[in-house]
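J.: Got a structure for you, questions after.
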Protein chains: 2
Amino acid sequence: MSHDTAHRPARGKRQMKLGAFLFGVGHHGAAWRHPDVDPRAPFRFEYWRDLAQKAERARFDAVFLADNVALFGATPEAISYTAPVYTGEPLTLLSALATHTSHIGLIATVSTTYLQPYHVARKFAALDQLSGGRAGWNLVTSGSDAEAANFGLDHQLAHAARYAIAAEHVAVVKQLWDSFADDAILADKASGRFYDPARLRRVDHAGDHFRVAGPLQTGRPPQGHPVIVQAGSSDDGQALAAATAEVVFTAQQSRAAARAFAQGLKDKAQALGRSRDSLLVMPGVSIYVAPTRQEAEAKLARLQAFVDVAGALASIRTFLDWDLTTVDLDAPPPPPPFTQGWQSRQKLFYDLALEQGLSVRQLVSRMSAARGHLVLVGTPAEVVDELQAWFEDGAADGFNILAPIFPAGLDDVIELVLPELRRRGLFREEYEGATLRENLGLARPDAGFPAPLSPQTKELVG
Amino acid sequence: MSHDTAHRPARGKRQMKLGAFLFGVGHHGAAWRHPDVDPRAPFRFEYWRDLAQKAERARFDAVFLADNVALFGATPEAISYTAPVYTGEPLTLLSALATHTSHIGLIATVSTTYLQPYHVARKFAALDQLSGGRAGWNLVTSGSDAEAANFGLDHQLAHAARYAIAAEHVAVVKQLWDSFADDAILADKASGRFYDPARLRRVDHAGDHFRVAGPLQTGRPPQGHPVIVQAGSSDDGQALAAATAEVVFTAQQSRAAARAFAQGLKDKAQALGRSRDSLLVMPGVSIYVAPTRQEAEAKLARLQAFVDVAGALASIRTFLDWDLTTVDLDAPPPPPPFTQGWQSRQKLFYDLALEQGLSVRQLVSRMSAARGHLVLVGTPAEVVDELQAWFEDGAADGFNILAPIFPAGLDDVIELVLPELRRRGLFREEYEGATLRENLGLARPDAGFPAPLSPQTKELVG
């Protein structure tokens, strides 16, 4: 199988890409209180292994893990109401999952704000190697004071500064991945040469934020570059994504807004000389599905009943710097402060409340259901109609699926939604390739070394 | 099984602790050129899995992985002669190995020089949880310009500065591990409390080098603290080890020097209020063993024949800042520069050459065999006689075993040395406990929260 050509389904029809976004015991804010959920399950590796293997059997493109580098809440009291998302750390978990899966992609979130590019490049190269070319890096910046305080700062960095650092960071990481040609390793016992010195190089990057000599230990990743994923939807985030992202994970509430976002991003990428297909936009979508619409709505309602409004407001205050704890719960929300934190998410929630005339209480309920991502509630046909409309309208190249609770919510998607997608030819029956890059149809980056000499040429010049 | 008492072998006799130090395709400098060795094997996970499972079946206390954060050599030409030690990264590899083993400890080297304490605390807590309490952290400082250049510096930090940073770093890491009581997680669906706020706390550390708020995500590690291992043998290194190390991995060439080192370190620990048993000294030892002495010597000689002297000298120059490339190979070496780099290793090699009257060529040969660690060559009885003498003389609590080549060199130790150790009652038949800490006989640290209220007291005060 060639590494250089994008892989398409055999019949040539464009199909959706699907991520399985794993997240604690579920994406609903009160998932851990649901009677069917074991809130301690994430402390057991078998829980994650079973979810990843289930997603692989269903032919998802990837499992996707979020991350922050803090527990949120200023006091033990404020912290105590929130279940942690990961009981360990995403790269640790994906390293273990790599050896219990064979085809599914493994995407970990790592922030560029508090971890040096050499470490990031090395860890993703190691995961890519361990998994045989299935690693993806969801590049984020850290936009909270709680995280800043774990790394010597009083406050988060300014939004623009975070993105300037991120742009230089990812450029260095890519140079480190390119510090070896794919054929750099000779392992020639006779000559004692382990590497071909003509096929490796230093990086010697010296920029505004980083100086890195390289080369990276110890060879090129199987995918050339692990797939670059980004989630920032602010202006700065979009500019970075247009330049460097291959997959963009975004929160969008309406098809029209999603289409404008996706096509705008592809326009920006194209203006930078990239093809529109080299950047896949995958909105998050939380799915409540059942054979009847009534049952699907009951699934959502059951979870909404577990939402602790005071706890949710405390969480909104810490995550978004938006203090709704002292306002009238049954009136419209006041504007958020538009701080240096999650600008795009602040705007998304405020716009949603304005457009739909939501009270604070109703907004909190919507936020708890999927943290600002699209929520679809209905029968398999209704859910798939909506996904298909987004996909065919240019609003999405695929979706990152947020199950409300695990494992039941993922089972629902696999058993009810995927068969309907497949009936319509919208999702794969089998993996197209062996690497995440191949399954996503993304080209493999070239490291920029001269083409190796053919044996005949070698003989002539040697 | 109690977590609070040290575990002793049933018959009460003190037994050796043994580490299996995994390192590329072998610890001999020319291992990768040996005909029995596959130099590309470390690129396959199965290679590491098989070695770790083999070591576990043999009841080693732990597998041990070294680390640096650079490839050494100023130019591609200089780099090209050295096979990499790990093709990925130690924590990535141990995370995967955790789910393919059940009892053996997993010790990874991570430097305190270029990775923030929050990241270090979190990664080892995650590995400890994933492995059910089998993680160990080999705390080192980074003493090379090659590493410094990957993290924005022109030169390594001064030796004393590196150790001052390390001392504060490990203190913060321990506070992060202690930011939760063992019983902090309630996961109480009825009240909506995930954590008991009285059983978690912020860290709020503000020191000379780090400011860290905490608490750590997301609960206390199963061992309380992953086991703290250290390898520094300089004065600064010994002071840090006496205060914080539970296992000290050291390079020692003679039993007398090893005894002085081990007992001196235990004296220092005792002066700080620690028990002598709370710090285990484990010298590295490379073993060439065969049924006859002649065969054992032939194993060493065979590998020595593959040493490329020019390549070895280049490596010594980069690692130790000791330029022997222009001196007479058949004369004694000139003194090393005693730079800010590996001070104790510079001294060890120079003393060895002086004491034994070695030429540069002979010294290079000794260095290639095991990088300064003890080399034992002989029959099983001869090797075990020496190990036993060190153990009973107070020179060692156990050993970190360096196999010259993998897997054959590890097989030799398992098939020839361990049976003889067991015949003499010097090594375990079965693991004593489930965690690394239990198997090493080390007490589990208390997080320093008040004792939890008993149900009766709760009722009285509640």
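Readers should treat all values here as calculations from the given coordinates under stated rules, not as data from a laboratory. Model, not experiment: these values are computed from the prediction. Virtual Cβ from ideal backbone geometry, glycine too; neighbours counted across all protein chains shown.
J.: Give the peptides B:326-335, B:299-308 in descending order of average Cβ contacts within 10 Å, highest first.
T.: By packing density, highest mean first, the sequence is B:299-308, B:326-335.
J.: Jot down the radius of gyration and Dmax of chain B, Cα atoms only, both in angstrom.
T.: 22.6, 83
J.: Under the convention of a label 7 Å out along Cα→Cβ, give the distances in nm from A:ASP188 to the same position in every other copy, shortest first.
T.: Label point to label point, same position, other copies: 7.0 nm.
J.: Further question on the same structure: Going through the cross-link list A:LYS123/B:LYS174; B:LYS13/B:LYS174; B:LYS17/B:LYS54; A:LYS17/A:LYS347; A:LYS54/A:LYS123, which pairs have a Cα-Cα distance over 21 Å in this structure?
T.: Working: A:LYS123/B:LYS174 24 Å; B:LYS13/B:LYS174 32 Å; B:LYS17/B:LYS54 17 Å; A:LYS17/A:LYS347 27 Å; A:LYS54/A:LYS123 25 Å.
Violating the 21 Å limit, Cα to Cα: A:LYS123/B:LYS174; B:LYS13/B:LYS174; A:LYS17/A:LYS347; A:LYS54/A:LYS123.
J.: Once the Cα atoms of helix A:159-177 and of chain A are each reduced to a long axis, what angle between those two axes, in degrees from 0 to 90 to the nearest 10, is obtained?
T.: Computed tilt is about 30 degrees.
J.: A follow-up question, please. Dividing the alpha-carbon radius of gyration of the range B:333-462 by 2.2 N^0.38 Å (N being the number of residues), what value is obtained?
T.: 1.65
J.: Note the distances from B:HIS209 to each other copy's matching label point, with points 7 Å along the Cα-to-beta-carbon direction, in nm, sorted shortest first.
T.: Relative to the other copies, B:HIS209 has label-point distances of 2.4 nm.
J.: Next question. Let me know the Kirkwood hydrodynamic radius for the range A:178-227, please, with Cα pairs as the basis and the value in Å to one decimal.
T.: Roughly 12.1 Å, rounded to one decimal.
J.: I would also like to ask the following. Report Rg(Cα)/(2.2 N^0.38 Å) for the range A:3-161, keeping two decimals. Can you show the working numbers first?
T.: Values: Rg = 17.6 Å, N = 159, 2.2 N^0.38 = 15.1 Å.
Compactness ratio reported: 1.16.
J.: Let me ask something else about it. For the range A:354-400, would you read off the P(r) tail past 16 Å as a percentage of all alpha carbon pairs?
T.: Tail of P(r) above 16 Å: 53 percent of Cα pairs.
J.: If the chain between A:ALA381 and A:ARG14 were fully stretched, how many nm would it gain, using 0.36 nm times the residue separation less the Cα-Cα distance?
T.: Values: separation 367, 0.36 × 367 = 132.12 nm, distance 1.98 nm.
Roughly 130.1 nm would be gained on extension.
J.: Further, regarding this structure: Can you give me the C-alpha center-to-center distance between the range A:109-158 and the range A:253-268, rounded to a whole angstrom?
T.: After rounding, the separation between the Cα centres reads 27 Å.
J.: Take the range B:210-301, drop everything but the C-alpha atoms, weight them equally and run the Debye formula without solvent; then report log10 I(q)/I(0) at 0.13, 0.21 Å⁻¹ to two decimals.
T.: At q = 0.13, 0.21 Å⁻¹ the computed log10 ratios are -0.62, -0.99.
J.: A further question on this structure: By per-residue mean of other Cβ atoms within 10 Å, what is the highest-first order of A:42-49, B:134-141, A:283-290?
T.: In descending order of packing, they fall as B:134-141, A:283-290, A:42-49.
J.: In the neighborhood of B:GLY105, defined by Cβ-to-Cβ distances under 9 Å, what is the net charge if each Lys or Arg adds +1 and each Asp or Glu adds -1?
T.: Computed value for this residue: +1.
J.: With a sphere of radius 14 Å drawn around the Cβ of A:VAL327, what net charge do the other residues whose Cβ falls strictly inside it have (Lys, Arg +1; Asp, Glu -1)?
T.: Summing Lys and Arg as +1 and Asp and Glu as -1 gives -1.
J.: Label position 7 Å from Cα toward Cβ: report the copy-to-copy distances for A:GLU429 in nm, one decimal, ordered from shortest.
T.: Values, ascending and in nm: 5.8.
J.: For a protection proxy built on the mean count of beta-carbon atoms within 10 angstrom, sort B:272-278, A:149-155 highest first, please.
T.: A:149-155, B:272-278
J.: Next question, about the same structure. Which FRET efficiency value, to the nearest 0.05, is calculated for A:ARG276 and A:ALA206 with the Förster distance at 41 angstrom and r the Cβ-Cβ distance? Walk me through the numbers on the way to the answer.
T.: Working: r = 34 Å, r/R0 = 0.83.
The formula returns an efficiency of 0.75 here.
J.: Using only the Cα atoms, work out Rg/Rh for the protein assembly as shown, with Rh taken as the Kirkwood radius, to two decimals.
T.: Dividing the radius of gyration by the Kirkwood radius yields 0.98.
J.: Using only Cα atoms and rounding to the nearest 10 degrees, what angle (0 to 90) does helix A:117-130 make with the longest principal axis of chain A?
T.: In chain A, helix A:117-130 runs at an angle near 80 degrees to the longest axis.
J.: On full extension of the chain, what length is gained from B:ALA256 through B:ASP393, given 0.36 nm per residue of separation minus the C-alpha to C-alpha distance?
T.: Computed gain between B:ALA256 and B:ASP393 is 48.4 nm.
J.: On to the next question. To the nearest 0.05, how large is the calculated FRET efficiency for A:ARG422 and B:ALA198 if R₀ is 60 Å and r is the Cβ-Cβ distance?
T.: The calculated FRET efficiency here is 0.70.
J.: Right, next: Under the 0.36 nm per residue contour assumption, what length would be gained going from the current alpha-carbon distance of A:ASP328 and A:ASP38 to full extension?
T.: Length difference between fully extended and current span is 101.0 nm.
J.: Could you give the spread of the C-alpha atoms of the range A:68-162 along their three principal axes, from largest to smallest, in whole angstroms?
T.: 42, 32, 17 Å, listed from the longest principal axis down.
J.: If a/c stays under 1.5 just call it rounded; otherwise compare a/b with b/c (prolate if a/b is bigger, oblate if not). Do that for the range A:234-359, with a ≥ b ≥ c from the square roots of the Cα gyration tensor eigenvalues.
T.: Cα axes put the range A:234-359 in the oblate bin.
J.: Could you calculate the FRET efficiency of B:ALA298 with B:SER359 from 1/(1 + (r/R0)^6), where r is the beta carbon distance between them and R0 is 35 Å, rounded to 0.05?
T.: Calculated value: 0.95.
J.: Please compute the average number of Cβ atoms from other chains found within 10 Å of each residue's Cβ in peptide B:212-224.
T.: 5
J.: Moving on. Could you work out the relative contact order of the range B:165-297, using alpha carbon pairs under 8 angstrom and six or more residues apart, expressed as a whole percent?
T.: Result for the range B:165-297 is 18 percent.
J.: Sticking with this structure for a sec: Between the range A:282-334 and the range A:27-69, what is the C-alpha centre distance in whole Å?
T.: Taking the Cα centre of the range A:27-69 as reference, the centre of the range A:282-334 is 20 Å away.
J.: Given the rotation relating B and A, tell me which residue in B puts its Cβ closest to the axis and the distance in Å.
T.: Residue and rounded Å distance to the axis: B:SER95, 2.
J.: Tally Lys and Arg at +1 and Asp and Glu at -1 over the other residues with C-beta under 15 Å from the C-beta of A:ASP145: what net charge comes out?
T.: -1
J.: How tilted is helix A:235-244 with respect to the longest principal axis of chain A? Cα atoms for both, answer in degrees (0 to 90, nearest 10).
T.: Long axis of A:235-244 versus the principal axis of chain A: about 30 degrees.
J.: While we're here: I'd like the mean, over residues of B:94-105, of how many other protein chain beta carbons sit within 10 Å of each residue's own Cβ.
T.: Partner-chain Cβ atoms within 10 Å, mean over residues of B:94-105: 4.
J.: Shifting gears a bit: How shielded is B:141-153 by partner chains, expressed as the average number of their Cβ atoms within 10 Å of its Cβ atoms?
T.: Other-chain Cβ atoms within 10 Å of each residue's Cβ, averaged: 4.
J.: Please report, for the Cα atoms of the range A:134-257, the Rg to one decimal and the Dmax as a whole number; what are they, in angstrom?
T.: Computed over the Cα atoms of the range A:134-257, radius of gyration and Dmax are 18.3, 64 Å.
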